[in-house]
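Visitor: Below: one structure in C-alpha cells.
The values are calculated or read from the model by the stated rules, or taken from the named source; none is laboratory data. It should be emphasised that the depicted structure is a prediction, and the values quoted were computed from it without experimental measurement. Neighbour counts are summed over all protein chains in view; Cβ atoms, including those assigned to glycine, are modelled from backbone coordinates with ideal geometry. These accessible areas exclude ligands, DNA and RNA; they are computed on the full protein's heavy atoms, side chains included. Shrake-Rupley method; radii C 1.70, N 1.55, O 1.52, S 1.80 Å.
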Amino acid sequence: MKRNMALLALGSALALSSALVLAQNAPESLLPPGFDKPRAAPSRATAPQPPARPAAAPVTVTRGSSAGGNGGAASISVPVVQPVPGGTSAAAAPVLPAGVRIPTLQELEAMSPDELDQLLGLKPRSDMPPAARRSLKQVGVLADYEGGLPAGALTRQSGALVRATLDGNKGQLVSRWGHILLRRALASRLDAPQGMNPADFAASRAALLVRMGEGEVARAVVQDVDAGNYTDSLTRAALDAYAFTADITGICPAITVQGGARKDAEWRVLRSVCQAFQGDGTAAMAQLDRMQGGGVWPKIDMLLAQKYAGAAGKSRRAVTIEWDGVSEMTPWRYAFTIATGLEPPAALMRNAPDRYAYVAALAPMVPLTTRAEGADKAAAAGILSSSAMVDLYSQIYAQDDITGDWADRAGLLRTAYTGEAASDRMAAISQLWDGAKDSRVRYSRLVLTAYAAARMPVDDSFADQSADLVASMLAAGLDGNALRWASQAEVGSLAWAQLVLASPNRGNPVPSGALESFHSDDESDNYRKSRFLLAGLAGLGRVEQATAADFASKLEINLDRRTRWTRLIDQAADVNNPALVCFLAGVGMQGDGWDKMTSVHLYHIVSALNRVGLSAEARMIAAEAVARG
C-alpha cells in the first residue's frame, strides 16, 4: 500500500511536469485559430455579482417531544458525527520523501524493486517484523542447559582481550578434541564482554568458526542476529559463512536491508543474484551481463553466478562453464560450482586448501565419494563425529552404482560391525586403518571405527592392536568402553598411557617406574609422547610433584616456564572462567600437527580445563596427545 501511494504521487508529479513542459514548448502552429490570442479578462467593475442569499433561520431541535404531541415542536433526527482526532476532511495526498529528486521515466524503467523502494523511502530496516525482532543479549545457538557455557562468563572480561583471542586464532588446531571444545564455546549463547559490540562479538566468533572449517555453525551464529543489527564485521563474517556452506541466497536478507551500502564487486554480484530470486530475473540477468562486460568479477565467476541466477523465475538460460585458464579455487567460485550441481576439475582441487575438503564433507549436493574424501580430513580435525562418518559410509554401501575403493571400504566397515568372528572384525578394522595414505587420514579412520572397536572383546590375541583400539574408542569419547582394556594393557605401554590419562577417576598417582618404562619404549621424535604423558599427568594432578620434576629434568623440559599466554590462561582458571579458558586454549593449540605443540602448552591447557570443570575434555585432549604425538 505504501509503495502504491508513493508511486501515485510520483506518477502525478511526473504527469504534471510533463504537461507543463509540453505546454511551454508547443509551437504556435499547433494551436487552433484564436487560441493564441486569449480573450481579455473582464474588469472587476463590470463583473456580474451573484444574487444575495437570505440569511438562514436558525434550526431548533427539540429533544423529547413526540411527533403526535399537541402543540409540541416537530422532532428532527440529526446524525451526530464525531471528527477523527488529528484528521482532515480529505485524504492526505501521498508525497515523496524530502529531498528526493523526481527521476525521469527512463530512470524509473531501469530501476530494480530494491532501488525503487530506496527511492520511495520504503527500504526495510530489518528482516524481521517488530514483534519477532531479537535482542542482542546472549547471541549464540547453544544454551547452557544444552551443553553450552555459562552465558555471563565474559561479561566482566576485557573486550580487547576476548577479541585478541578470537581474531588471533588462525583456526587450525592440532587436537581433534580441542577443536570440538572450541566449537562448543564459540557456539554457546554468550553475553558480549565489556566494551565490545554484541554484533561484533558474534562476528569474531563466526569468522573463527569459518577458519576452523565449521561453516554450518558459523552460519547458525550469524543467523541468530537480525539483519538490521549487522555491523560491517558481521556482514563480512556472514558472507564468508554463506560462501562456505554454498548457501548463496542465505545472505539475501542482509543484502535487502543494507541495499547499496556497499559497492564492492562481491556485493554487487550477490545483490543481482538475490534480485533474481526475488522475482525480477530479467533485470537481474541484465545487470549481471553488464558486470561481466565491465570485468567486475573474473569470467568464470560471472558465468557461474549467471548460471545460478538463471535458475530462478522466467529468466532461465543455458550457460556453458569452461575451466580453461582457471588456476585456483576461491570460496565463492567453489560455492557457485557445487550450488549449481557442478564438480570442479580434479586438477584444480588436488592442491586446494583443506577448507574445500571440509566443505565437501558436509555438502549434501556433492557426490558421496567426494564427501568421503573430504571426511578423511574432516574427522581428524574434529568436524565430523564417528556417527556421521558411519552414516556417510552406509550411504556409499547402499549405492549400487558406486564401485572401486570407496565401495570396498564401505564393505570393510560393514564387516567390522557384522563379522561373525572377532578375528574377522579385527581384520576388517585393521585394513581400514592400514589403508590410509598418511597419519591424519589414519586418525580419521580411527574415528570411523570407534564403535566397531568398542564391540571388540578384550582378548590377548588382540594385544598388538590394543593401543589403536583404545585410541579409536577415545577419539569418539567412549572412555568407558576403552577402560575395559585396562586389565590387558601392560604398564608402560601406549595403551596404558592413554588409559591412565582418560580414566575419570584415578586415586593413586602414577609411579616413577611406570614413567620410566614408557620412556624406554618411546620411539617418537625427541620423546614427544613421553613429554606429553608427563604434561597430561601433571595437568590432571595424577603424578607427585617430585616425580614430575625428576622426569621433566630427564626429558629436559620445564613445565614451570612462564609466558604471557600461560599467565592469562592460569588467571582465567583462577577466577573459574570456562569460556575464556577455552578461547585461550584454542590459541595455545594452533598448528598443523602435534609436532607444533609443546609440553608446556599442553600442561597449562589440561590444568586450566580441569580446574574450571571441563575435566572430560582435559582428559580426552591429554590422551589424544599421547596417541598422536
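Visitor: For the range 119-152, enumerate the residues that are modelled with pLDDT under 85, in a helix (DSSP H, G or I) and surrounded by 15 or more Cβ atoms within 10 Å (Cβ to Cβ).
Guide: Leu119
Visitor: Hey, another quick one. Being under 19 Å from Ser272 (Cα atoms) and of a type in the set (A, V, I, L, M) is the filter here; which residues of the range 299-344 pass it?
Guide: Step one: of the range 299-344, the residues under 19 Å from Ser272 (Cα atoms) are 299-319, 331-337, 339-340.
Matches in the range 299-344: Ile300, Met302, Leu303, Leu304, Ala305, Ala309, Ala311, Ala312, Ala318, Val319, Ala335, Ala339.
Visitor: Still on this structure, I have one more. Touching a Pro at 6+ places or on another chain (Cβ under 7 Å) and touching a residue at least 40 places away in the same chain (Cβ under 8 Å): does that describe Arg542?
Guide: Spelling it out, Arg542 is indeed touching a Pro at 6+ places or on another chain (Cβ under 7 Å) and touching a residue at least 40 places away in the same chain (Cβ under 8 Å).
Visitor: Restricting attention to the range 435-458, and to residues there that are within 19 Å of Trp406 (Cβ to Cβ) and of a type in the set (D, E, K, R), which single residue is surrounded by the fewest Cβ atoms within 10 Å (Cβ to Cβ)?
Guide: Checking each candidate, the answer is Lys437.
Visitor: Additional query: Regarding the range 162-176, can at least one residue be identified that is over 17 Å from Pro331 (Cβ atoms), modelled with pLDDT of 95 or more and in contact with a strand residue (DSSP E or B) (Cβ under 7 Å, 6 or more places away or on another chain)? Show your work before the answer.
Guide: Here is the first cut: in the range 162-176, the ones over 17 Å from Pro331 (Cβ atoms) are 162-169, 173-176.
Within this subset, residues satisfying the condition of being modelled with pLDDT of 95 or more are 162-169, 173-176.
Remaining after also requiring in contact with a strand residue (DSSP E or B) (Cβ under 7 Å, 6 or more places away or on another chain): 169, 173.
Looking through the range 162-176, at least one residue is over 17 Å from Pro331 (Cβ atoms), modelled with pLDDT of 95 or more and in contact with a strand residue (DSSP E or B) (Cβ under 7 Å, 6 or more places away or on another chain).
Visitor: Given the conditions (1) under 25 Å from Ala627 (Cα atoms); (2) open to solvent by less than 30 Å² (accessible area, probe 1.4 Å), and given that Gly419 satisfies all but one, which numbered condition is not satisfied?
Guide: Looking at each condition in turn, Gly419 falls short on (1).
Visitor: Can you pull out every residue in the range 517-533 that is out of contact with any helix residue (DSSP H, G or I) (no Cβ under 6 Å at 6 or more places or on another chain), more than 17 Å from Lys596 (Cβ to Cβ) and not charged (D, E, K, R)?
Guide: Scanning the range 517-533 gives Ser517, Ser520.
Visitor: Exactly one condition in (1) farther than 18 Å from Met589 by Cβ; (2) of a type outside the set (Gly, Ala, Ser); (3) outside any loop (DSSP other than H, G, I, E, B) is not met by Met196; state its number.
Guide: (3)
Visitor: Only one of these conditions is not met by Ala199: (1) buried (at least 18 other Cβ atoms within 10 Å of the Cβ); (2) at pLDDT 90 or above; (3) closer than 23 Å to Ala305 by Cα. Which number is it?
Guide: Of the numbered conditions (1) buried (at least 18 other Cβ atoms within 10 Å of the Cβ); (2) at pLDDT 90 or above; (3) closer than 23 Å to Ala305 by Cα, the odd one out for Ala199 is (3).
Visitor: Which of the residues spanning the range 495-516 are of a type in the set (Gly, Ala, Ser), touching a helix residue (DSSP H, G or I) at 6+ places or on another chain (Cβ under 9 Å) and within 22 Å of Ala549 (Cβ to Cβ)?
Guide: Scanning the range 495-516 gives Ala497, Ser512, Ala514.
Visitor: So which residues in the range 475-501 are open to solvent by less than 30 Å² (accessible area, probe 1.4 Å), in a helix (DSSP H, G or I) and either of a type in the set (A, V, I, L, M) or touching a residue at least 60 places away in the same chain (Cβ under 8 Å) (or both)?
Guide: Ala475, Ala482, Ala495, Ala497, Gln498, Leu499, Val500, Leu501
Visitor: Does at least one position in the range 370-379 carry a residue that is under 23 Å from Pro344 (Cβ atoms), open to solvent by less than 30 Å² (accessible area, probe 1.4 Å) and free of Cβ contacts under 8 Å to residues at least 24 places away in the same chain?
Guide: Yes, there is a match, as at least one residue in the range 370-379 is under 23 Å from Pro344 (Cβ atoms), open to solvent by less than 30 Å² (accessible area, probe 1.4 Å) and free of Cβ contacts under 8 Å to residues at least 24 places away in the same chain.
Residue-by-condition table, conditions (1) more than 30 Å from Arg442 (Cβ to Cβ); (2) among the polar types (S, T, N, Q):
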site	(1), (2)
Ala546	yes, no
Ser553	yes, yes
Leu568	yes, no
Gly588	no, no
Leu602	no, no
Ala616	no, no
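Visitor: I need the full set of residues from the range 287-344 which are of a type in the set (S, T, N, Q), in a loop (DSSP other than H, G, I, E, B) and open to solvent by 30 Å² or more (accessible area, probe 1.4 Å), in order please.
Guide: Residues satisfying the conditions are Thr320, Ser327, Thr330, Thr340.
Visitor: Something else about it: Of the numbered conditions (1) of a type outside the set (D, E, K, R); (2) more than 30 Å from Met111 (Cβ to Cβ); (3) without any contact (Cβ under 8 Å) to a residue 12 or more places away in the chain, Trp323 satisfies every one except a single condition; which is it?
Guide: Every condition holds for Trp323 apart from (3).
Visitor: Could you please give the count of residues in the range 369-390 that are part of a loop (DSSP other than H, G, I, E, B) and out of contact with any helix residue (DSSP H, G or I) (no Cβ under 7 Å at 6 or more places or on another chain)?
Guide: Matching residues across the range 369-390 total 1.
Visitor: For residues in the range 153-178 being hydroxyl-bearing (Ser, Thr, Tyr) and part of a loop (DSSP other than H, G, I, E, B), which is least open to solvent (accessible area, probe 1.4 Å)?
Guide: The residue in question is Ser175.
Visitor: Within the range 348-368, can one find any residue that is over 30 Å from Val269 (Cβ atoms) and part of a helix (DSSP H, G or I)? Give the steps one after another, and end with the answer.
Guide: In the first step, residues of the range 348-368 are kept if they are over 30 Å from Val269 (Cβ atoms); the result is 368.
Now drop any that are not part of a helix (DSSP H, G or I), which leaves 368.
Yes: one or more hits.
Visitor: Could you list, in sequence order, all residues of the range 226-265 that are among the β-branched types (Val, Ile, Thr) and either outside any helix (DSSP H, G or I) or open to solvent by 10 Å² or more (accessible area, probe 1.4 Å) (or both)?
Guide: Thr231, Thr245, Thr249, Thr256, Val257
Visitor: Next question. Looking at Ile396, Ile402, can you tell me which residue is surrounded by fewer than 22 Cβ atoms within 10 Å (Cβ to Cβ), within 29 Å of the chain's Cα centre (by Cα) and of a type in the set (Val, Ile, Thr)?
Guide: Ile396
Visitor: Test each condition in (1) over 20 Å from Asp167 (Cβ atoms); (2) open to solvent by less than 20 Å² (accessible area, probe 1.4 Å); (3) without any contact (Cβ under 8 Å) to a residue 40 or more places away in the chain for Ile569 and report the one that comes out false.
Guide: Every condition holds for Ile569 apart from (1).
Visitor: Report, by residue number, each residue of the range 91-118 that is open to solvent by 80 Å² or more (accessible area, probe 1.4 Å) and either modelled with pLDDT of 70 or more or under 21 Å from Val269 (Cα atoms) (or both).
Guide: Passing the criteria: Arg101, Leu105, Gln106, Glu109, Gln118.
Visitor: Please go through the range 515-546 and give me each residue that is open to solvent by less than 30 Å² (accessible area, probe 1.4 Å) and of a type in the set (Ser, Thr, Tyr), ordered by number.
Guide: Across the range 515-546, the qualifying residues are Ser524, Ser530.
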